[in-house]
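Read the structure below first, then the notes.
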Amino acid sequence: MPSRFSVVIPALFGAFLVMAPALGRGAPDSFADLSAQLLPSVVNISTTQTLKPSQRPAEMPQVPPGSPLEELFKNFSGPKSNLPRHVTSLGSGFIIDASGIVVTNNHVIEDADQITVMLSDGETLPAKLIGRDDKTDLAVLKINPRHPLPAAHFGDSDKARIGDWVIAIGNPFGLGPTVTAGIVSARNRNIDAGPYDEFLQTDAPINRGNSGGPLFDMGGNVVGINTAIYSPSGGSVGIGFAIPANLARDVIGQLRAFGTVRRGWVGVNIQPVTQDLSEGLGLPGAVGALVGNVAPGGPAAKAGIRTGDVIFGFDGKKVADARGLSRIAASTPIGKTVNVDLLRNRQHISVRLTVQRAAEPPVRPQHSAPPAKPRKTSQLGLSLSPLDGNVRAEFRLPGGVQGVVVTDVMPDSPADEKNVRAGDVIVAVQDQPVRTPDDVQRRLDTDLRLGRKVEVLLVNRGGALTYVALRF
């Protein structure tokens, strides 16, 4: 399995065997009966990939000719060959249908030429890839067994509480079926693995080869799919992450039905509401998803949603943050019309929106350019310039972009702390459009006299609008 997951998590029982009896069930006397029941549903997965010579890393470092190290590295790396090389990797998975449907991680089988599944009784079977989803790191395989197989069942991961006992079953280091136990350490973890992160965190030991294996609750239900670990040094730190079952269930169903995932699309770019943004925009709290771009002709535009709206409810569900809205919208059936609850100019409104199918967004090229000569510097540490033809050419800004361009950012300034960069275009300050550096400065001077502590800029970066809250 890929190197980003190839670290070790230590055993942990000693720290958690003593529990306050008033807080819930104590530790089980043994996991033996539950393990015996669940082990047959877990499989080992091995893959083979062919690397062409151009894909292979350099086998020997560059050393000076005649150096004593030259012969050493030559002997260590072995003879060079232009022939393709086969590499193998190991992972885990589990059966969800007696007919031979297997779930695992996408990164376990990604780019594999051949996938083989080993059942708990040692039988090996070739597997066919039904579908995979890199955004949630899930994949579904099909094997053809000679008889019905024992299948695992998904539980309700929303009911998994911090402190609940869980067991992980997998194939660490290729040793074969292995059971480890721990607790749910945290919920809704974002590790920047994808746009829909809401991992369960566990201290049940998860090692290389465990990826794709199930995380079971004490009722024998799958509440997560073991996917990643955190280890800054590559050593054991006891922090593992599992895809929650409630997120995986819908993705797996679509992969089985269509071979791909059909996600809902709203047509907005959103960002979290931070404490500074909340204060600067006069919002009741750091809750909801702040709308930046609204795609022309998209569902949100048709529904009347605007830049600056804060979405706090979608289809009857509360939107705690931007990631929450992304997950809710993606899982909404395509074509469904929903209520969207908004906060606009401190007023609560509700609109009706029809969800469309998401398409893969184009990748925007990232351009860099030397800063233009600064013409105006604000109290926020920004050097600003009006958008004329020379500046547009220098920063490759299209004609449709309007505002004031940032030409330089002072080190350690409020703007520098919030990652404002040269080439950003300030479209508005406190929702007031600006066209010249003087417009920006006048607004800043006014807000300083009024005692405002946070200034909110609407910034266009590479065609995407985002709000930036800068504290004076």
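The values are calculated or read from the model by the stated rules, or taken from the named source; none is laboratory data. Fair warning: this is a prediction, and the values are worked out from it, not measured in the lab. Neighbour counts run over all protein chains shown; Cβ positions are idealised from the backbone, glycine included.
Can you confirm whether Ile252 is buried (at least 21 other Cβ atoms within 10 Å of the Cβ), outside the structural domain of Arg461 (by TED's automatic domain parsing) and at pLDDT 90 or above? Yes: the conditions hold for Ile252.
If you go through region 457-472 and keep only what is closer than 12 Å to Ser278 by Cα and crowded, with 22+ Cβ neighbours inside 10 Å, you end up with Tyr467, Val468, Leu470. Does Thr227 count as among the β-branched types (Val, Ile, Thr), in the same structural domain as Gly91 (by TED's automatic domain parsing) and touching a Pro at 6+ places or on another chain (Cβ under 6 Å)? It is false that Thr227 is among the β-branched types (Val, Ile, Thr), in the same structural domain as Gly91 (by TED's automatic domain parsing) and touching a Pro at 6+ places or on another chain (Cβ under 6 Å). When you scan region 112-123, do you find a residue that is out of contact with any strand residue (DSSP E or B) (no Cβ under 6 Å at 6 or more places or on another chain), within 28 Å of Tyr196 (Cβ to Cβ) and in contact (Cβ under 8 Å) with a residue 40 or more places away in the chain, even just one? No, the conditions are met nowhere in region 112-123. List the number of the failed condition for Leu149; all other conditions in (1) modelled with pLDDT under 95; (2) over 30 Å from Glu198 (Cα atoms) hold. With (1) modelled with pLDDT under 95; (2) over 30 Å from Glu198 (Cα atoms) applied to Leu149, the lone miss is (1).
Suppose we keep only residues that are charged (D, E, K, R) and closer than 17 Å to Ala257 by Cα within region 87-133. Which one would you say is nearest to the chain's Cα centre (by Cα)? Going through the qualifying residues, I end up with Asp133.
Of Asn144, Asn106, all but one fail to be over 20 Å from Pro205 (Cβ atoms) and surrounded by fewer than 13 Cβ atoms within 10 Å (Cβ to Cβ); the exception is Asn144. Do you know which of the residues in region 395-404 that are at negative phi and outside any strand (DSSP E or B) is surrounded by the most Cβ atoms within 10 Å (Cβ to Cβ)? Of everything passing the filter in region 395-404, Phe395 is surrounded by the most Cβ atoms within 10 Å (Cβ to Cβ). Taking the criterion of being in contact with a Lys or Arg (Cβ under 9 Å, 6 or more places away or on another chain), under 19 Å from Arg352 (Cβ atoms) and assigned to a loop (DSSP other than H, G, I, E, B), the residues of region 306-319 that qualify are Arg306, Asp309, Asp315. Picking from residues in region 222-234 that are part of a strand (DSSP E or B) and among the polar types (S, T, N, Q), the one that is modelled with the highest pLDDT is Asn226. Checking each residue in region 279-313 for being without any contact (Cβ under 8 Å) to a residue 24 or more places away in the chain, more than 14 Å from Leu458 (Cβ to Cβ) and within 24 Å of the chain's Cα centre (by Cα) picks out only Ala286. Of everything listed in (1) among the small types (Gly, Ala, Ser); (2) in contact with a Pro (Cβ under 8 Å, 6 or more places away or on another chain); (3) under 12 Å from Val42 (Cα atoms), the single unmet condition for Gly122 is (2).
Considering region 133-168 alone, what residues qualify as being out of contact with any Phe, Trp or Tyr (no Cβ under 8 Å at 6 or more places or on another chain) and of a type in the set (A, V, I, L, M, F, W, C)? Residues satisfying the conditions are Leu138, Ala139, Val140, Leu141, Ile143, Leu149, Ala151, Phe154, Ala160, Ile162, Trp165. Looking at Thr407 and the list (1) within 27 Å of Asn345 (Cα to Cα); (2) assigned to a strand (DSSP E or B), which single condition is not satisfied? Evaluating Thr407 over (1) within 27 Å of Asn345 (Cα to Cα); (2) assigned to a strand (DSSP E or B) leaves (1) as the failure. Among the residues of region 151-203, the ones that are surrounded by 19 or more Cβ atoms within 10 Å (Cβ to Cβ), without any contact (Cβ under 8 Å) to a residue 40 or more places away in the chain and assigned to a loop (DSSP other than H, G, I, E, B) come to 0 in all. The set of residues in region 235-293 being among the hydroxyl-bearing types (Ser, Thr, Tyr) and in a strand (DSSP E or B) is empty. Count of region 422-440 residues, restricted to those that are closer than 26 Å to Arg396 by Cβ and buried (at least 16 other Cβ atoms within 10 Å of the Cβ), is 13.
Among the residues of region 320-348, those identified as buried (at least 18 other Cβ atoms within 10 Å of the Cβ) and assigned to a strand (DSSP E or B) are Val338, Val340, Asp341, Leu342, Leu343. The conditions of being without any contact (Cβ under 8 Å) to a residue 40 or more places away in the chain, over 18 Å from Gly280 (Cβ atoms) and surrounded by fewer than 16 Cβ atoms within 10 Å (Cβ to Cβ) are met by Arg392.
Restricting attention to region 120-135, the residues that are outside any strand (DSSP E or B) and either within 12 Å of Thr104 (Cβ to Cβ) or aliphatic (A, V, I, L, M) (or both) add up to 1.
For region 360-371, does any single residue satisfy the condition of being in contact with a helix residue (DSSP H, G or I) (Cβ under 6 Å, 6 or more places away or on another chain), modelled with pLDDT under 80 and loosely packed, with under 15 Cβ neighbours inside 10 Å? Within region 360-371, one or more residues are in contact with a helix residue (DSSP H, G or I) (Cβ under 6 Å, 6 or more places away or on another chain), modelled with pLDDT under 80 and loosely packed, with under 15 Cβ neighbours inside 10 Å.
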